[in-house]
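Working notes for the structure below.
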Amino acid sequence: MAKVKVFYDQEGNTLTVWFADPHDEYICEETGDEVVLMKNKSGRVIGFEKLNFSVSKPGKFQVAFETVAA
(Lines give C-alpha, C1' and ligand atoms only; values in the text may rest on other atoms or scores of the structure.)
Protein backbone atom coordinates (compact mmCIF):
# COMPACT_ATOMS: atom_id res chain seq x y z
CA MET A 1 0.00 0.00 0.00
CA ALA A 2 1.35 3.43 -0.94
CA LYS A 3 1.67 6.10 1.70
CA VAL A 4 1.11 9.81 1.22
CA LYS A 5 2.64 12.22 3.71
CA VAL A 6 1.07 15.66 4.16
CA PHE A 7 2.70 18.46 6.14
CA TYR A 8 1.15 21.85 6.81
CA ASP A 9 3.54 24.54 8.06
CA GLN A 10 1.31 27.26 9.49
CA GLU A 11 4.25 29.56 10.23
CA GLY A 12 5.80 29.20 6.76
CA ASN A 13 2.41 29.03 4.97
CA THR A 14 3.31 25.90 3.01
CA LEU A 15 1.59 22.61 2.31
CA THR A 16 3.96 19.79 1.40
CA VAL A 17 2.76 16.45 0.02
CA TRP A 18 5.04 13.45 -0.53
CA PHE A 19 4.07 10.44 -2.68
CA ALA A 20 7.41 8.69 -2.10
CA ASP A 21 10.36 8.84 0.29
CA PRO A 22 11.46 12.48 0.82
CA HIS A 23 15.07 11.27 1.01
CA ASP A 24 14.86 10.43 -2.71
CA GLU A 25 14.49 14.13 -3.59
CA TYR A 26 17.13 15.05 -6.16
CA ILE A 27 15.91 18.27 -7.75
CA CYS A 28 13.10 20.81 -7.32
CA GLU A 29 11.29 22.68 -10.06
CA GLU A 30 9.07 25.71 -9.50
CA THR A 31 6.05 25.73 -11.79
CA GLY A 32 5.35 29.45 -11.59
CA ASP A 33 1.99 28.89 -9.85
CA GLU A 34 3.49 28.97 -6.35
CA VAL A 35 3.98 25.21 -6.60
CA VAL A 36 7.33 23.46 -6.30
CA LEU A 37 7.68 19.94 -7.69
CA MET A 38 10.15 17.63 -5.98
CA LYS A 39 11.64 14.99 -8.27
CA ASN A 40 13.88 11.97 -7.89
CA LYS A 41 17.00 11.24 -9.99
CA SER A 42 14.94 9.80 -12.86
CA GLY A 43 12.78 12.95 -13.02
CA ARG A 44 9.66 11.38 -11.52
CA VAL A 45 7.60 13.71 -9.31
CA ILE A 46 7.67 12.35 -5.78
CA GLY A 47 6.08 15.33 -4.05
CA PHE A 48 5.02 18.94 -4.26
CA GLU A 49 4.90 22.03 -2.10
CA LYS A 50 2.24 24.72 -2.33
CA LEU A 51 3.62 28.10 -1.31
CA ASN A 52 1.48 30.78 0.40
CA PHE A 53 -0.99 28.17 1.59
CA SER A 54 -3.11 28.95 4.62
CA VAL A 55 -6.32 27.76 6.20
CA SER A 56 -8.67 29.82 8.32
CA LYS A 57 -8.94 27.16 11.06
CA PRO A 58 -5.68 25.15 11.22
CA GLY A 59 -7.02 22.91 13.98
CA LYS A 60 -9.78 21.85 11.59
CA PHE A 61 -7.52 21.14 8.61
CA GLN A 62 -8.52 17.83 7.00
CA VAL A 63 -7.17 15.90 4.04
CA ALA A 64 -9.19 13.36 2.04
CA PHE A 65 -7.93 10.98 -0.64
CA GLU A 66 -9.76 9.15 -3.36
CA THR A 67 -8.45 6.46 -5.68
CA VAL A 68 -9.28 6.25 -9.36
CA ALA A 69 -8.83 3.46 -11.85
CA ALA A 70 -5.75 3.88 -14.02
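Computed values, structure above
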| quantity | calculated |
| --- | --- |
| Charge dipole (the chain, unit charges on Cβ, about Cα centre) - positive-most of GLY43, GLY12, PHE61 | PHE61 |
| Potential lengthening between VAL4 and GLN62 on full extension [0.36 nm per residue; Cα-Cα distance subtracted] | 19.5 nm |
| Descending semi-axes in whole angstrom, ellipsoid equivalent of the chain, from the Cα gyration tensor | 21, 17, 11 |
| Built amide H within the under 5 Å cut-off of ILE46, gap 5+ | MET38, LYS39, ASN40 |
| Backbone HN-Hα couplings from phi across region 24-37 [Karplus 6.51/-1.76/1.60, Hz, Gly and Pro as x] | 7, 4, 10, 8, 10, 9, 7, 7, x, 10, 6, 10, 10, 9 |
| In Hz, Karplus ³J(HN,Hα) per residue of region 17-23 (6.51, -1.76, 1.60; θ = phi - 60°; x = Gly, Pro) | 10, 10, 9, 9, 5, x, 5 |
| Accessible area in square angstrom per residue, the chain, 1.4 angstrom probe | 81 |
| Cα-based Lys proximity count in the chain, under 26 Å, for pairs eight or more positions apart or on separate chains | 13 |
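The values are calculated or read from the model by the stated rules, or taken from the named source; none is laboratory data. Please read these numbers as outputs of a predicted model, since none were measured by experiment. Note that we place each Cβ from the backbone using ideal geometry, even for glycine, and neighbour counts take in every protein chain shown. SASA here: full protein model, heavy atoms, side chains in, ligands and nucleic acids out. Shrake-Rupley method; radii C 1.70, N 1.55, O 1.52, S 1.80 Å.
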